[in-house]
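Notes follow once the structure below has been shown.
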Amino acid sequence: MIDLAISLSYQYKSVILAVHVLGVVIGMGAATAADFIFIKFLKDLKISIHEQNVLKNLSQIIWFGLFIVVVAGIGLFLSDISYYSSSPKFIMKMLAVLIIILNALTLNFIITPKLTKINFGEIVKTGDKKLRNLRRLAFASGAVSITSWYCAFLLGVIKVSFLSFGGFFFAYLVILSTAVIISQIAEARILKIEKLI
């Protein structure tokens with residue numbers, strides 16, 4: 001069975017690669033749209049049920065993209081096990097996908113279910129720390145999602161592994177940390193603007 005899977009993966013490697021890239025594009029596009037739409041929805045300081053449903057639909061598209069990426073990624077790995085098991089670029093891309101999955105679980109089970117229950121305007125009025133921390137988490141999670149998707153995409157299109165795994169991992173951590181810091185600065189600035197309204 002495994003030998004057959006390896007044989008088919010090798011035979012249809014170009015097709016699997018195309019499907020893999022398609023999965024990344026689908027997930028990356030949906031994650032980008034979700035981030036921008038989330039910020040747009042927060043202009044009235046709350047997320048309505050309709051707006052939450054829009055975000056849920058985008059989340060389902062992201063999960064679909066993730067499913068394609070993982071399945072096609074396994075196919076790619078089986079097509080040339082010796083190469084991909086020693087490829088820093090491929091290993092880093094799969095690690096980025098793992099981060100995306102863990103982050104998506106956080107979004108689905110911690111953040112999204114609470115969105116409609118929270119009037120973010122209360123953060124301005126009461127300074128509620130729990131509400132503020134939830135919003136900070138939402139902004140950080142969005143930053144992790146979009147950054148990881150774009151990193152996975154870039155790692156997929158780069159032809160040559162010009163860094164070791166440690167180099168790729170360090171670069172990813174720097175980019176990810178920068179994105180999270182920017183998301184927190186953006187959240188703080190939005191809060192200041194809300195206080196002036």
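The values are calculated or read from the model by the stated rules, or taken from the named source; none is laboratory data. The structure displayed is predicted, hence computed values, not measured ones. Every residue, glycine among them, receives a Cβ derived from its backbone with ideal geometry; neighbour counts consider all protein chains shown.
Determine, yes or no, whether F153 is free of Cβ contacts under 8 Å to residues at least 40 places away in the same chain, of a type outside the set (V, I, T) and assigned to a helix (DSSP H, G or I). Judged against the criteria, F153 is not a match.
The residues on offer are L58, L102, and the sole one that is of a type in the set (A, V, I, L, M) and surrounded by 16 or more Cβ atoms within 10 Å (Cβ to Cβ) is L58.
Filter segment 71-99 down to the residues that are among the hydroxyl-bearing types (S, T, Y) and in contact with a helix residue (DSSP H, G or I) (Cβ under 6 Å, 6 or more places away or on another chain), then identify the one that is surrounded by the most Cβ atoms within 10 Å (Cβ to Cβ). Write out each step before concluding.
Taking segment 71-99 and keeping what is among the hydroxyl-bearing types (S, T, Y), we get 79, 82-87.
When the remaining residues are screened for being in contact with a helix residue (DSSP H, G or I) (Cβ under 6 Å, 6 or more places away or on another chain), the result is 79, 84.
Working: S79: 21, Y84: 16.
In this case the residue turns out to be S79.
Each residue in segment 163-187 was checked for being over 18 Å from the mean Cα position of the chain (by Cα) and either surrounded by 13 or more Cβ atoms within 10 Å (Cβ to Cβ) or closer than 16 Å to V97 by Cβ (or both), and 5 pass. For segment 7-24, the set of residues classified as crowded, with 18+ Cβ neighbours inside 10 Å and more than 24 Å from Y150 (Cβ to Cβ) consists of S9 only. Contact map, segment 4-23: residues that are over 15 Å from V157 (Cα atoms) paired with residues that are surrounded by 14 or more Cβ atoms within 10 Å (Cβ to Cβ) and of a type in the set (S, T, N, Q), Cβ distance under 7 Å, separation 6+ or inter-chain. Pairs shown: S9/S79; Y10/S79; K13/S79.
Screening I49 on (1) touching a helix residue (DSSP H, G or I) at 6+ places or on another chain (Cβ under 6 Å); (2) buried (at least 17 other Cβ atoms within 10 Å of the Cβ) shows it passes everything except condition (2). When segment 131-162 is filtered for residues that are within 16 Å of I91 (Cα to Cα), of a type outside the set (A, V, I, L, M) and either crowded, with 19+ Cβ neighbours inside 10 Å or modelled with pLDDT under 90 (or both), the ones remaining, listed by number, are S148, W149, C151, G156, K159, S161, F162. For segment 168-194, taking the residues that are among the β-branched types (V, I, T) and in contact (Cβ under 8 Å) with a residue 40 or more places away in the chain, the one that is farthest from T32 (Cα to Cα) is identified as I190.
For segment 26-38, taking the residues that are of a type in the set (A, V, I, L, M) and either touching a Pro at 6+ places or on another chain (Cβ under 6 Å) or surrounded by 15 or more Cβ atoms within 10 Å (Cβ to Cβ) (or both), the one that is farthest from K114 (Cα to Cα) is identified as I26.
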